[in-house]
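I have placed the structure first, in the form of structure tokens, so that the comments after it can refer back to it.
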Amino acid sequence: GAGVSQSPRYKVAKRGQDVALRCDPISGHVSLFWYQQALGQGPEFLTYFQNEAQLDKSGLPSDRFFAERPEGSVSTLKIQRTQQEDSAVYLCASSSHWTGAHRSREGVSYEQYFGPGTRLTVT
Amino acid sequence: AQSVTQLDSQVPVFEEAPVELRCNYSSSVSVYLFWYVQYPNQGLQLLLKYLSGSTLVESINGFEAEFNKSQTSFHLRKPSVHISDTAEYFCAVSDKSSGSARQLTFGSGTQLTVLP
């Protein structure tokens with residue numbers, strides 16, 4: 001596809017249920033990010049993948065949150081035993097940029113392309 | 001660690017008037033700077049970015065932003081707004097150092113509403 005897609009677009013879960021949110025990045029994009037956007041706030045970083053490797057998960061709020069990208073393409077964010085404070089829009093972004101040992105290259109686009117998000121409501 | 005402050009949560013302005021959306025950041029390292037726009041029911045779209053070079057950057061739809069290192073600011077401006085500019089605007093930064101994942105740190109957003 002032309003852009004980042006996410007499914008489902010809307011999810012209502014009862015407290016205690018497990019949910020799985022899917023992200024299809026732009027084909028060929030190495031980097032994939034998950035963000036959480038609470039109502040009235042800016043997005044906050046959750047986790048980062050470079051290909052299939054999860055290089056940074058420092059933003060995951062608890063061990064109920066788990067993300068994977070087993071083949072370096074599609075990614076799934078799983079939330080176990082959902083709680084009301086998990087209600088938010090979950091955004092996925094992909095980028096052609098990748099981290100490496102080389103110096104940052106001038107002119108390289110570090111643009112992240114965002115999907116439309118999944119709005120999770122926990123009742 | 002970085003942080004971004006957008007002091008104005010809501011900015012109403014009349015059509016064809018100028019507008020400035022303010023953004024200040026705090027960081028212990030050098031950063032790249034971005035403005036993203038979010039139209040209703042759509043994903044975030046990059047509006048413009050500062051990576052290096054000229055401190056004044058422009059978008060294709062008439063917005064511009066100026067990086068001011070001494071004031072740690074990256075304010076967004078447009079000399080004449082249109083109804084279609086109504087949206088939420090987010091300022092963001094990312095770590096410039098090599099090896100960084102370059103995740104974005106966002107401000108809380110400014111809702112720009114253009115009135116007829």
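The values are calculated or read from the model by the stated rules, or taken from the named source; none is laboratory data. Note that the structure is a prediction, hence the values are computed from the model and not measured. Because the Cβ atoms are built from the backbone with ideal geometry, glycine has one as well, and the counts that use them run over all protein chains shown. Surface accessibility is based on the protein's heavy atoms, side chains included, excluding ligands, DNA and RNA. Shrake-Rupley method; radii C 1.70, N 1.55, O 1.52, S 1.80 Å.
Of note:
- Conditions (1) open to solvent by less than 70 Å² (accessible area, probe 1.4 Å); (2) closer than 16 Å to B:GLN111 by Cβ; (3) among the small types (Gly, Ala, Ser): number failed by B:SER27: (2)
- All positions within segment B:37-60 that are within 14 Å of another protein chain (Cβ to nearest Cβ) and hydroxyl-bearing (Ser, Thr, Tyr): B:TYR39, B:TYR50, B:SER52, B:SER54, B:SER59
- Against the list (1) part of a loop (DSSP other than H, G, I, E, B); (2) farther than 22 Å from A:GLN37 by Cβ; (3) open to solvent by 40 Å² or more (accessible area, probe 1.4 Å), the condition B:SER108 fails is (2).
- Any hit, segment A:22-30, residues being open to solvent by less than 50 Å² (accessible area, probe 1.4 Å), out of contact with any His (no Cβ under 6 Å at 6 or more places or on another chain) and of a type in the set (Asp, Glu): yes
- Among the residues listed as B:PHE63, B:PHE34, B:PHE14, the single one being away from every other protein chain (no Cβ under 13 Å), touching a residue at least 12 places away in the same chain (Cβ under 8 Å) and either under 15 Å from the mean Cα position of the chain (by Cα) or open to solvent by less than 10 Å² (accessible area, probe 1.4 Å) (or both): B:PHE63
- Taken over segment B:14-26, the criterion of being more than 13 Å from B:SER73 (Cβ to Cβ) and not in a strand (DSSP E or B) is satisfied by B:GLU15, B:GLU16, B:ALA17, B:PRO18.
- Counting the residues of segment A:53-69 that are among the hydrophobic types (A, V, I, L, M, F, W, C) and either on the phi > 0 side of the Ramachandran plot or assigned to a loop (DSSP other than H, G, I, E, B) (or both) gives 1.
- Those residues of segment B:1-43 which are of a type in the set (Gly, Ala, Ser) and touching a strand residue (DSSP E or B) at 6+ places or on another chain (Cβ under 7 Å), in sequence order: B:SER3, B:SER9, B:SER26, B:SER27, B:GLY43
- None of B:VAL29, B:VAL11 is of a type in the set (Val, Ile, Thr) and either part of a loop (DSSP other than H, G, I, E, B) or within 19 Å of A:TYR113 (Cα to Cα) (or both) except B:VAL29.
- Given (1) over 18 Å from A:VAL122 (Cβ atoms); (2) open to solvent by 30 Å² or more (accessible area, probe 1.4 Å); (3) not in a loop (DSSP other than H, G, I, E, B), number of the condition A:SER73 does not satisfy: (3)
- Counting residues in segment B:63-79 that are acidic (Asp, Glu) and modelled with pLDDT of 90 or more gives one or more.
- Taken residue by residue, segment B:75-84 has at least one member that is away from chain A (no Cβ under 14 Å), free of Cβ contacts under 8 Å to residues at least 60 places away in the same chain and open to solvent by less than 40 Å² (accessible area, probe 1.4 Å).
- Beta carbons closer than 6 Å, at least 6 apart along the sequence or on distinct chains, pair a first residue in segment A:40-56 that is under 22 Å from A:GLY72 (Cα atoms) and facing chain B (nearest Cβ under 7 Å) with a second that is surrounded by fewer than 18 Cβ atoms within 10 Å (Cβ to Cβ) and among the aliphatic types (A, V, I, L, M) for A:TYR48/A:LEU55.
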